[in-house]
Each structure stands twice: as structure tokens, then as C-alpha cells.
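**Student:** Below is the structure I would like to discuss, written out as C-alpha cells.
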Amino acid sequence: MTDVIVAGAGPTGLTLACELALAGVRTLVVERLPQRVEQIKGGAIQPRTQELLELRGLLDPMRARAMAREPVGGHFALLPVPLDCTAWDTAHPYPLSIPQWEIEEVLEQRATELGVEVLRDTPLTAVEQSEDGVVVTAGDRRIEARCLAACDGGHSTVRKLLGVPFSGRPGTYTAILADVRLSSVSDLVPKTQGHISTLTREAGHRWVMLVPVGGDRYRFTGGTVDEEDLPRDRPVTFEEIAETLRVVYGEETVLAAVDNASRFGDATRQVDHYRVGNVFFAGDAAHIHPPFGGQGLNLGVQDAFNLGWKLAAVLRGRAEADLLDTYHAERHPAGAWVLHITQAQRVFAAPRPGADVVELRQVFTDLMRLPEANRHLAGLMSGLSHSYDVPGGHPLAGHRVAGLDPSLFRSGRPVLLDLAGLLPPHLDAVRAEPVDGLPGAVLVRPDGYAAWAADTAPDLDALVGDPCWSLLAQGLSPYRSTVSR
């Protein structure tokens with residue numbers, strides 16, 4: 001018997017396991033693969049995700065493994081104007097490039113330090129639910145738990161076993177993602193990781209985004225301009241990649257080895273409900289979308305930070321069960337918005353656009369050079385503009401709180417700030433000098449968003465037990481997720 005079973009040892013599942021174990025929740029991770037796949041794939045950590053990782057002391061070990069990259073902003077639809085996040089008051093204005101398998105390694109190391117058991121080569125084959133919990137068949141074991149978190153990817157076994165609809169639209173193309181080594185390169189091959197618009201090239205009905213990752217190693221993403229819809233399970237061949245490199249970068253560009261390769265598509269789907277009884281969906285198990293702007297991994301990790309503290313609070317008896325309903329209320333709209341903006345980028349990012357789209361690209365590129373328009377798009381793509389609208393609360397409630405000492409959040413608990421001497425001395429609060437833009441007292445959720453705030457001394461007569469969790473309970477009005485639009 002355990003408290004929570006997490007299906008999937010990717011970034012989403014391992015982040016959730018860390019959050020739960022940090023709060024003292026017994027957590028077991030089951031993963032069908034026998035070992036981690038050392039493939040670069042989703043290797044961009046966006047600014048908001050960096051902020052969240054820093055709250056738990058996880059950002060520095062990831063920075064130590066990061067690939068060299070020019071300090072340049074992200075992108076919208078591959079257009080040649082970097083997104084400027086410096087206007088969003090963040091210490092991390094640029095994406096961090098790091099192979100996904102290294103992200104997973106850092107997270108798994110932390111999870112096991114906290115007591116999480118990770119069972120690999122353990123496919124999940126059955127899920128039974130009752131009012132009190134779940135029983136999972138994984139490998140040759142039947143495991144009882146109070147909850148199951150499905151973080152098992154776009155082809156989620158949990159989702160299929162439960163018959164949960166995955167609504168949306170099918171893909172329009174299939175492309176290749178591969179880690180390759182080149183024995184020689186032409187002058188057309190990028191030398192450094194600059195803005196993504198400098199890394200993409202099209203020729204001879206083929207397109208490639210080639211990213212240097214050190215030495216003779218590159219991340220290859222490519223396909224046909226005509227968007228030939230090859231089956232995703234068709235094996236990627238050495239010659240297929242070699243020929244594409246020759247066509248796009250010239251005869252001097254010679255493929256030496258393919259370390260790993262797979263196909264992906266641009267389907268857009270989302271589950272209707274992130275919670276089904278005692279089962280919660282997060283990451284690609286809950287949503288998939290076109291891979292524009294490096295959103296997928298980040299959206300999943302942010303799901304995990306949102307679900308983790310809420311699930312732990314309920315299982316540890318610190319909050320009522322209805323707190324879990326806010327997970328869907330907050331994260332489903334957040335996922336839907338990412339699906340919306342990634343689909344919109346398809347128009348601009350087409351490798352061979354029509355004449356009208358070429359003109360539209362230029363108009364939109366000019367707009368992106370306007371500071372306010374750039375700031376708006378930067379906030380969307382980085383996650384920095386995301387907030388949760390708390391009806392009837394203080395204007396700050398539900399918004400990201402910037403500029404605080406990240407070490408305050410290492411324990412994964414909410415943090416009560418007294419910045420104007422509004423709270424009585426016996427309350428366990430962090431007392432500090434006033435901070436520009438913040439009211440006199442603020443309760444910050446474990447995921448860095450304000451849960452409660454006051455400009456004058458609050459009425460604390462109703463507080464019982466731990467003041468942080470009691471104040472948090474006062475802010476459990478139904479949430480409606482929103483972004484600055």
C-alpha cells in the first residue's frame with residue numbers, strides 16, 4: 001500500500017514524485033521502459049519553469065548540465081524576432097537548453113533522495129477504482145494506493161485503460177527527431193545555438209532544424225515540405241537522414257552516426273477532465289500539441305507543480321478534498337491556451353507558405369518588434385504571464401509573485417509574508433522589508449502564486465491550526481485560469 005502511484009518517469013511524473021515526497025506523501029513511480037532513453041528531444045526549459053525549479057533547489061544542478069547557448073530569447077512560429085522576457089521581472093529571461101534525459105536524471109536523483117521508489121521495466125496493465133482509492137496491476141505486482149497520477153505520455157496506457165476521451169484534431173504531418181553525429185559539415189551548418197530562426201533551413205522539398213549540441217553532435221528535426229504523412233511507427237533509416245542533410249546542407253555535410261531517432265506529429269488533443277475519480281492526468285497524458293516554442297515539457301512540469309502541493313495537502317489532512325477540484329479548474333484552461341497558441345503558429349511556420357502567408361509573416365514580424373507586442377508574446381510563450389483568477393479576492397491573488405528569495409520555498413510549504421507589520425508576532429510568518437508592487441501581507445502558494453493578500457491588518461479570528469493552511473483554505477473559491485491576452 002502506498003499513497004500515490006505515479007505512472008511514467010518522464011519530467012512530469014518525476015517532478016510530481018518530488019513534490020509529493022517532499023510533503024511526506026508515500027510515492028511509487030512505475031515506468032514501462034527498462035532504462036532512460038538518452039535522447040535530447042524536449043530540451044528547452046522556459047523562464048517560468050526555471051523559476052519553479054529554483055523554488056525547490058533543482059535549477060542549479062540542471063544549469064550545470066546545460067548546453068552552451070547564446071543568451072537570446074525564445075520564438076513565436078520561428079519568426080526572426082527574439083522574445084524579450086526581461087520586461088516580466090524574472091531572474092531567468094532566456095530558455096535553458098538541456099537534454100531531456102538529463103532533466104530526468106536530476107529529478108530522479110532528488111526523488112530517490114526523498115524516498116521515492118522508481119520501478120522500471122514495469123508496464124502498467126490494469127487500473128481498478130473504488131471510492132477509497134485505486135488498485136494498479138504493474139508488471140507482476142498488484143499495488144493499492146489512494147490515488148494514481150497518469151503521467152505516462154501522449155499514448156497514455158492509463159487513459160486508454162479507463163476509456164478517457166482524448167478530444168481534438170489529428171496531425172497534418174510527420175517529422176523526424178534524431179540525435180546525430182556529423183563527420184564533416186558545410187558552411188551552411190549552424191556553429192552555435194542561436195535564435196531558432198537561424199537554425200532552420202529548407203531546400204529541395206525538405207526542411208531541417210539542426211541544433212549543435214557539442215563536438216560533432218547535433219539535434220536533427222526535419223521532414224518534407226509537402227508534409228508527407230508517413231506512419232509514426234515506420235522506422236527512421238540512416239539513409240533517410242543522410243539524404244535530407246545532403247539536400248539541405250550540401251554534399252560536404254556527411255552523416256557519421258544516428259544515436260537515436262523517432263517520428264512525431266502535430267496532433268492536438270486534450271482530455272476533457274484532468275481528474276477521473278482518484279486518477280489525475282498530467283503532462284502529455286492530458287494534452288498534446290504541435291511542438292512550436294518548446295511548450296510541451298514545460299506545460300507538464302507546471303501541471304506537476306500545481307497538482308503536487310494540492311494532492312499532498314489533502315492526503316496529509318491539511319486541506320479539504322475540494323481543493324483537488326481546483327487542479328482541473330486551473331490547469332485545463334492553461335493547457336487549452338497552449339494548444340491554441342501552438343496551433344496558431346502552424347500558419348507562419350509552414351516550410352513553404354503561400355504568397356499571402358509570406359506577406360502576413362512580414363506584417364506579424366514587424367508587430368513583434370513593437371515592445372508591447374513582444375512583451376505580450378514573450379509572456380505567453382515563457383509562461384510568465386500565466387495567472388489564476390480568484391473571483392472576489394485581492395487583485396494579487398492567483399498571480400505569480402516575483403522577486404522573493406527562492407530558498408523560502410525549499411520545503412514545499414506555503415509562505416506567509418508580513419511586509420508591513422500587519423500580522424501578530426505569534427504567527428509563523430516571514431517578516432521582511434516592503435517589496436515594490438506587493439501589499440502588506442501575502443500568502444504565497446507552494447507553486448509561487450499568491451493565494452491570499454491584504455493591504456490592511458486582516459481579521460484572524462477564524463484561523464485554526466497552521467495559519468498558512470488556514471489562510472489558504474479561505475482562498476479556495478472556484479478558480480478560473482487565465483492569461484494576459
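Values in this text are rule-based calculations from the coordinates and carry no lab data. The shown structure was predicted, so the numbers you read here are calculated from the model rather than taken from an experiment. So basically every Cβ, Gly included, is an ideal-geometry build from the backbone, and we count neighbours across all protein chains shown.
**Student:** Give me the extension gain from Asp459 to Leu188: residue separation times 0.36 nm, minus the current Cα-Cα distance, reported in nm with one decimal.
**Tutor:** My answer for the length gained is 90.9 nm.
**Student:** Compute the acute angle (0 to 90°) between the alpha-carbon long axis of helix 296-315 and the principal axis of greatest extent of the alpha-carbon atoms of the chain; round to the nearest 10°.
**Tutor:** 20 degrees
**Student:** How many angstrom lie between the C-alpha centres of the range 57-111 and the range 172-207?
**Tutor:** 21 Å
**Student:** Please give every one of the lysines within straight-line cross-link reach of Lys160, meaning a C-alpha to C-alpha distance under 30 Å, and leave out same-chain neighbours fewer than 8 residues apart.
**Tutor:** Answer for Lys160, where 30 Å is the Cα cut-off: Lys41, Lys310, listed by chain and number.
**Student:** Something else: Please turn the phi angles of the range 202-212 into ³J(HN,Hα) values with the Karplus equation 6.51 cos²θ - 1.76 cosθ + 1.60 (θ = phi - 60°), one per residue in order, whole Hz, x for glycine and proline.
**Tutor:** For the range 202-212, the Karplus curve yields 10, 6, x, 6, 10, 10, 9, 10, 10, 10, x Hz.
**Student:** To the nearest 10 degrees, how steeply does helix 100-113 sit against the main Cα axis of the chain, on a 0 to 90 scale?
**Tutor:** Approximately 30 degrees, to the nearest 10.
**Student:** So how much slack lies between Glu243 and Val363, counting 0.36 nm per residue of separation and subtracting their Cα-Cα distance, in nm?
**Tutor:** Taking Glu243 through Val363 to full extension adds about 39.7 nm, to one decimal.
**Student:** To the nearest 10 degrees, how steeply does helix 238-249 sit against the main Cα axis of the chain, on a 0 to 90 scale?
**Tutor:** Approximately 80 degrees, to the nearest 10.
**Student:** Here's another thing I want to ask about it. For q values of 0.10 Å⁻¹, compute log₁₀ I(q)/I(0) with the Debye formula on a Cα-only model of the range 111-244, without solvent.
**Tutor:** For the range 111-244 at q = 0.10 Å⁻¹, log10 I(q)/I(0) is -0.59.
**Student:** Defining a contact as two alpha carbons under 8 Å apart and six or more residues distant in sequence, what relative contact order in percent does the range 51-127 show?
**Tutor:** For the range 51-127, the relative contact order is 30 percent.
**Student:** With labels modelled as points extended 7 Å from the Cα through the Cβ direction, what inter-label distance (nm, one decimal) is found for Thr86 paired with Ala402?
**Tutor:** Going by the 7 Å Cα→Cβ label model, 1.3 nm.
**Student:** Based on the Cβ-Cβ distance of Leu119 and Leu370, what FRET efficiency does E = 1/(1 + (r/R0)^6) give at R0 = 35 Å, to the nearest 0.05?
**Tutor:** 0.10
**Student:** Residue separation times 0.36 nm, minus the C-alpha to C-alpha distance between His340 and Arg234: what's the value?
**Tutor:** Working it through step by step, the gained length comes to 35.3 nm.
**Student:** Whole-Hz Karplus ³J(HN,Hα) for the range 336-348, in order, using 6.51 cos²θ - 1.76 cosθ + 1.60 and θ = phi - 60°, x for Gly and Pro?
**Tutor:** 4, 5, 5, 4, 4, 6, 6, 5, 4, 6, 4, 4, 6
**Student:** Residues in the range 1-37 near a label at Arg142, defined as backbone nitrogen under 17 Å from the 7 Å Cα→Cβ point?
**Tutor:** Only 1-2 fall inside the zone, counting backbone N under 17 Å.
**Student:** Rounded to the nearest 500, what is the chain's calculated 222 nm mean residue ellipticity when only DSSP H runs of at least 4 contribute -39500 (n - 2.57) each, over all residues?
**Tutor:** Helices in the chain give a 222 nm mean residue ellipticity of -9000 deg cm²/dmol.
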